[in-house]
Amino acid sequence: MSDSIPQKTHQQSLNRRRLLLGLPLLGVVAAGGGFALMLRRMSEGRFDPHALPSQLIGRRVPDFSLPGLEGGAMTGAELQHPGHPMLVNFFASWCLPCLEEAQTLMAMSRRGFPIWGIAYKDSPADARAFLGRNGNPYARTALDQPGRVAINWGVYGVPETYLIDAQGIVRWRYAGALTPQVVQQELGPLWAQAGA
């Protein structure tokens, strides 16, 4: 009987070790399954990494107050009843995709799209230098150095662009660099609806 107790303890110890060794394997299997699902959706044309969900779609712009890049302030209240559609673009001088979309934003600005920019976790000097080098498409620019306002908007990373309708409701969000194709195929049709 005394031999069975150490043997039982030894068996329990082996079972715990097997369980601990199996947990990472379970994680790998779950991650592999998620990756396989993503690949399947991509091959079916149903996966869009830019179409991240946003809690703001269909809601009014959140309240906020940020210092302006050139003085003054930008507030959520100003965006809550703009009277016309407009875009809010979160960007940063250190962001390579922001550099990629700079020409698209400049072209949109020249075509009359009102765009407000929010420099995310950036210094005033770096944001000014970025806009000086790449053009400034923004009617107004604010600084969100701590990134708190971006959190309230649900920003995953920069660049991100939001379409605000004439009543101050967020109608569209795009995560990633805007391209002429995205503007034509996605934003263009929504822009006309946002003015109503």
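Read the figures in this text as sums done on the coordinates, not as results from a lab. What you see is a predicted model, and the numbers here were worked out from it, not measured in a lab. When we count neighbours, we look across all protein chains shown, and the Cβ atoms used for this are built from the backbone with ideal geometry, even at glycine.
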Candidate set: the range 122-176, residues that are surrounded by 15 or more Cβ atoms within 10 Å (Cβ to Cβ) and aromatic (Phe, Trp, Tyr); chosen: the one nearest to the chain's Cα centre (by Cα): 174
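Looking only at the range 142-180, count every residue that is of a type outside the set (A, V, I, L, M, F, W, C) and within 12 Å of residue 101 (Cβ to Cβ) and tell me the total.
Number satisfying all stated conditions: 7.
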Some residue of the range 117-134 being touching a helix residue (DSSP H, G or I) at 6+ places or on another chain (Cβ under 8 Å) and of a type in the set (S, T, N, Q): yes
